[in-house]
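Take a look at the structure set out below.
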Amino acid sequence: MRTDSDRKPAPSASHYRFHFAHAHLDPVFGSDWFALKAEAFARFFGTPIFLVGQTLMVTLWIIANVLVVTKTWHFDEYPFILLNLAFSLQAAYAAPLILLAQTRQADREKAHADADALHREDLARASLERQMLAADQTATLVELLKQNTALTELTNQLSQRIEQLTAEMHRVVIQGKE
């Protein structure tokens with residue numbers, strides 16, 4: 001059975017609380033379908049799957065134009081102008097998408113850096129407050145210790161005075177009986 005102490009901390013106590021201030025910032029692409037797909041596409045360009053697939057496709061293209069296709073008709077004869085055009089078209093779309101994906105990532109990193117800076121400032125402020133509180137409490141404890149020492153001395157003096165008065169009364173009572 002779970003108790004109140006087992007519950008997760010409230011969102012305000014979350015370690016992401018400093019990131020919430022930047023949640024209103026829209027990324028360059030926005031948060032819509034196009035933004036997500038464009039960023040995923042830009043990330044795909046750097047994967048081994050893309051590089052191997054493109055190498056395989058270019059190899060098949062060249063083989064199809066040099067060896068397989070009949071000698072009378074080639075859809076892209078050497079120097080492979082259509083292949084060159086395909087690479088140019090790919091570069092024309094890939095470069096801006098990659099740049100925009102990098103811009104989105106830079107925006108995220110800046111927001112996280114700002115949130116981390118705020119977090120460090122908050123930690124420093126909280127640490128300073130704890131140090132000041134500890135100093136205040138130490139001063140209070142020293143003062144209470146001085147008061148306790150003074151009260152102990154006063155109690156000791158009063159106890160001695162009571163002992164003296166008791167001895168005097170005892171002597172007076174004893175002399176009065178004689």
| query | Within region 105-128, can one find any residue that is over 21 Å from the mean Cα position of the chain (by Cα) and not hydrophobic (A, V, I, L, M, F, W, C)? | reply | no
| Restricting the first residue to region 45-56 and requiring it to be assigned to a helix (DSSP H, G or I), which pairs with a second residue that is surrounded by 10 or more Cβ atoms within 10 Å (Cβ to Cβ) meet a Cβ separation below 7 Å and a spacing of at least six or different chains? | 50/44
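Rundown of residues vs (1) farther than 19 Å from residue 61 by Cβ; (2) touching a residue at least 12 places away in the same chain (Cβ under 8 Å), yes/no style:
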residue	(1), (2)
77	no, yes
97	yes, yes
116	yes, yes
135	yes, no
| All positions within region 74-83 that are surrounded by 11 or more Cβ atoms within 10 Å (Cβ to Cβ) and out of contact with any helix residue (DSSP H, G or I) (no Cβ under 6 Å at 6 or more places or on another chain) | 77, 80, 82
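Quick grid of which residues meet (1) within 23 Å of residue 115 (Cα to Cα); (2) surrounded by 10 or more Cβ atoms within 10 Å (Cβ to Cβ); (3) at pLDDT 85 or above; (4) of a type in the set (Phe, Trp, Tyr):
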position	(1), (2), (3), (4)
8	yes, no, no, no
16	yes, yes, no, yes
19	yes, yes, no, no
29	yes, yes, no, yes
56	no, yes, yes, no
61	no, yes, yes, yes
72	no, no, no, no
85	no, yes, yes, no
93	no, yes, yes, yes
| Do we find that residue 134 is out of contact with any Pro (no Cβ under 6 Å at 6 or more places or on another chain), among the small types (Gly, Ala, Ser) and either outside any helix (DSSP H, G or I) or modelled with pLDDT under 90 (or both) in this structure? | no
| request: For residue 116, work out the one condition from (1) surrounded by 11 or more Cβ atoms within 10 Å (Cβ to Cβ); (2) not in a helix (DSSP H, G or I) it doesn't fulfil. | output: (2)
| query | Of 85, 99, 165, 89, which residue is over 30 Å from residue 50 (Cβ atoms), part of a helix (DSSP H, G or I) and among the aliphatic types (A, V, I, L, M)? | reply | 165
| field | Single residue of 100, 89 found to be of a type outside the set (Val, Ile, Thr), under 30 Å from residue 35 (Cα atoms) and at pLDDT below 90 | value | 100
| said: With of a type outside the set (Asp, Glu) and either in contact with a Lys or Arg (Cβ under 6 Å, 6 or more places away or on another chain) or modelled with pLDDT of 95 or more (or both) as the only criterion, which of 177, 110, 146 stands out? | reply: 146
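The values are calculated or read from the model by the stated rules, or taken from the named source; none is laboratory data. Computed from a predicted structure; not experimentally measured. Cβ sites come from the backbone with ideal geometry, for glycine too, and all protein chains shown count toward neighbours.
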